[in-house]
Structure formats: C-alpha cells, structure tokens
Amino acid sequence: MKKTIISAALGALALGVAFSSPATAAETTACLITKTDTNPFFVKMKEGAEAKAAELGITLKSYAGKIDGDHESQVAAIETCIADGAKGILITASDTSSIVSSVKQARDAGLVVIALDTPLDPIDAADATFATDNFLAGELIGKWAAASLGDEAANAKIGMLDLGVSQPTVGVLRDQGFLTGFGIDIKDASKWGDEDDARIVGHDVTAGNEEGGRKAMENLLASDPMINVVYTINEPAAAGAYEALKAIGRAGDVLIVSVDGGCPGVANVKDGVIGATSQQYPLLMASLGIEAIAAWAKDGTKPALTEGKDFFDTGVALVTDKPVEGVESISVAEGMDKCWG
C-alpha cells in the first residue's frame, strides 16, 4: 500500500535571546538570497517568500547568483543586506563552508540568518535551517531503485550526477542518502567520491541544470556506456541525463532517479523519463522563513527546530507510479497536486 510520508511542517517558534531592537512589520526588511533565479525550485521559493512578505507587510529584497556555485554574488548580497539594515536573511548557499564568515558578519550585525534547503557547514553557523531531510530524500530514491531492480541490483552500473566540486551539503546529503538506500557502503558520510563499490561507475557534476546534466552523463557514458542506474541531484539534471541517453538509443533501459518534485519533474515521472523523485516543498520553506524573520524583528524570537533534528524539517515524499514493497510513496497524481512548478 502506498503511504504518504510527508513530515508536516506546522512548527512553533521558540523564544531566544534578542539581538535586534523590536520593529513593526512596516519597518522590517528581509533578504532572500538564492543560488540562481532560473531553477524552478528557487523561482518557487521566491514566490513563497514574496507572498508571505506581502501578507505580513514586510519589504523583501531578493538576490541570486548567476549560476549555481556563484559564491561571490552571494557574499556581495549579504554585505548589501547588512548595509541596508535588513532584519534577516534567508539563504540557499552555493558554497556552504566558505559563506560562513559572511553569515557571521550578518549575525554579529544583529540579523537573523536562516538557511533554506541547503544547510551551512557547520549547520549551526546559521540561526536555523528550514529544509527537506535531504539524506532521507536520497535514501528514498536509493531504496526504490534497488527494490525496482531486485536481484539485478547486485550487478548495477551506477552513474552519479552530483551538484558541484565544492560538494555543498545538500549535494553530499542526497548523494550519500541514495547510496545508503541502494545498499552501498558510503565510507565518510561528509563527502562523496570515496566509495569503493565496483557498481559505481563514477561521479560527475552538473551545476544543477539541464546542460550540466547532459554533459555529465556523456562523460560517464564515455567511461561505461552500459550504465543502467543514474542518480541525479535534481530534476533539471535528470532531464539533461535523459537527453544524453536518448542520443545513444538508451533512454528506455536506464533507471533515472532524482530529487525536487516540481511539476515538470513529476510530469517526467509520468512520462517515464524519471522513475521516481523525492518531492520537497520550497514554497513552505520560504514562507516559514519570512515568518521567522518577522518574529525576530518583533521581539527577538528565534525559530524552533524539529524535535530530534538539528533543522526544521519541511517534509519529503517519494513520487512514483511504480511503488515497491517496503518503500512508502505517493502516486504521480498526488505528486501533481502537491508540486510547485
């Protein structure tokens, strides 16, 4: 039986120490800094932030990198937010460790900083993180892929299409979650690429976009043209991987799995481009983040975390029309009802 495993994000806010003076909503400015402004995931995140800011009477200023991995633009955006007197920053960091010094400057200046989707490294460099359980998102598609292959999982040839060479936390968590779910020893869970399982053909990076996914898939196929399982960091990368496979006549016999759950991605599950995807909820992340900045500006309240976790879990669900025993999932129809594209 298919079951929904979305962990609802209906959290409360816990009282913290105030580092900023109280402000009315009309006086409150918030910043949203995303990796890009073209990826549908971040487009929806911005929509969620804008809608909640308008509802609460908060001025929202949005910034984005030119591409995923554009660290310098994010540093400049943080500096601008500090200079503008913003009360808080929501950020999806491109370089999760290098951004920490800039985040510290913002916090020292009295801003509350909340990571969305991508935890900082270390995670407590931000005041809070509102995100999918990215390891679980990867683990779900790994378990599904292994169960779908059955006994042939022992003979799989796996191509890993990751995010970037800097290994941001979101990419590491999804990658290592997938391998764990598939039944592969991940060695050091804080990084990808040190595994010695012969089933892994290799890792390549995509920058989280379709062109990057196509090129990375071509590179891995050059190493082994008989790859039959492909993990992708997100659905744009999955779409690119599919095009590369299609070009050599292998689109129909390779199992592609991914993470995001946007409407185009769920449609690709329906069309057989992607076998299964883990759906996350960026609009919710952003709207909760704006609420948290409003609470901080009002009386210094900091957001609470999900019990037993070091972040606020905004939920995840596996979307597929080919459910397997032992892996909870929702149908494509349910996924389309919940998608955000």
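The values are calculated or read from the model by the stated rules, or taken from the named source; none is laboratory data. Keep in mind that this is a model prediction, so the values were computed, not measured. When we count neighbours, we look across all protein chains shown, and the Cβ atoms used for this are built from the backbone with ideal geometry, even at glycine. In case anyone asks, the SASA skips ligands and DNA or RNA and just uses the protein heavy atoms, side chains included. Shrake-Rupley method; radii C 1.70, N 1.55, O 1.52, S 1.80 Å.
So here's what we get for this one:
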quantity: Output for segment 242-293, where each listed residue is in a helix (DSSP H, G or I), within 22 Å of residue 327 (Cβ to Cβ) and within 20 Å of the chain's Cα centre (by Cα); calculated: 265, 266, 267, 268, 269
quantity: Subset of segment 159-207 that is assigned to a loop (DSSP other than H, G, I, E, B) and polar (S, T, N, Q) - its residue that is nearest to residue 222 (Cα to Cα); calculated: 206
quantity: Candidate set from segment 21-53 (those that are hydroxyl-bearing (Ser, Thr, Tyr) and modelled with pLDDT of 95 or more); member that is surrounded by the most Cβ atoms within 10 Å (Cβ to Cβ); calculated: 34
quantity: Residue ID - most open to solvent (accessible area, probe 1.4 Å), chosen from residues in segment 57-72 that are touching a residue at least 60 places away in the same chain (Cβ under 8 Å) and closer than 23 Å to residue 238 by Cα; calculated: 67
quantity: Residue match in segment 186-207 (condition: touching a Phe, Trp or Tyr at 6+ places or on another chain (Cβ under 9 Å) and open to solvent by less than 20 Å² (accessible area, probe 1.4 Å)); calculated: no
quantity: Complete set of residues in segment 208-241 that are open to solvent by 10 Å² or more (accessible area, probe 1.4 Å), aliphatic (A, V, I, L, M) and outside any helix (DSSP H, G or I); calculated: 226
quantity: Flag if residue 129 is touching a strand residue (DSSP E or B) at 6+ places or on another chain (Cβ under 6 Å) and not in a helix (DSSP H, G or I); calculated: yes
quantity: Residue match in segment 167-182 (condition: of a type outside the set (Asp, Glu), surrounded by fewer than 20 Cβ atoms within 10 Å (Cβ to Cβ), under 28 Å from residue 121 (Cβ atoms) and in contact (Cβ under 8 Å) with a residue 40 or more places away in the chain); calculated: yes
quantity: Tally, over segment 117-136, of residues that are over 17 Å from residue 167 (Cα atoms) and crowded, with 24+ Cβ neighbours inside 10 Å; calculated: 6
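For (1) modelled with pLDDT under 95; (2) open to solvent by 20 Å² or more (accessible area, probe 1.4 Å); (3) assigned to a helix (DSSP H, G or I), each residue gets a yes or a no:
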{"position": "17", "(1), (2), (3)": "yes, yes, no"}
{"position": "55", "(1), (2), (3)": "no, yes, yes"}
{"position": "78", "(1), (2), (3)": "no, no, yes"}
{"position": "81", "(1), (2), (3)": "no, no, yes"}
{"position": "89", "(1), (2), (3)": "no, no, no"}
